[in-house]
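Data first, discussion second: the structure below is written as structure tokens.
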Amino acid sequence: MQPQPRDPYLWQKAKARTKFQAHLLTYGLVNGSLWAIWALTAPRHVHDFLPWPIWSTVFWGFGVLTQGVAAYAGHSQDERTQREYERLLRAQQNR
């Protein structure tokens, strides 16, 4: 039985989404562990200050967010470029 030929665009989109999902899982596990370590080891009076795991959560979270937007956005840059090219082509033909 022959494997089905892949659509290169859909294959790239699927790869981007699975990479994002793996990254999101890693982010959740690592940051959850960091918060648990902080909660279990910090003296009670330190809980009044800004907790140190906040930095990894915020900055790494921003990276995860941007990767997710890129993976799940409605249109990729190639699609937008193709639409713009077609729009310009139609405008030139209408002259």
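Every number in this text was worked out from the coordinates using simple rules, so none of it is lab data. These figures come from a predicted structure and were not determined experimentally. Cβ: placed from backbone, ideal geometry, glycine included. Neighbour counts: every protein chain shown.
Details
- Estimated translational D of segment 10-93 in µm²/s (Stokes, Kirkwood radius over Cα pairs; 20 °C; 1.002 mPa s): 134
- Residues R17, R87, R95 in ascending order of nearby Cβ atoms (within 10 Å, fewest first): R95, R87, R17.
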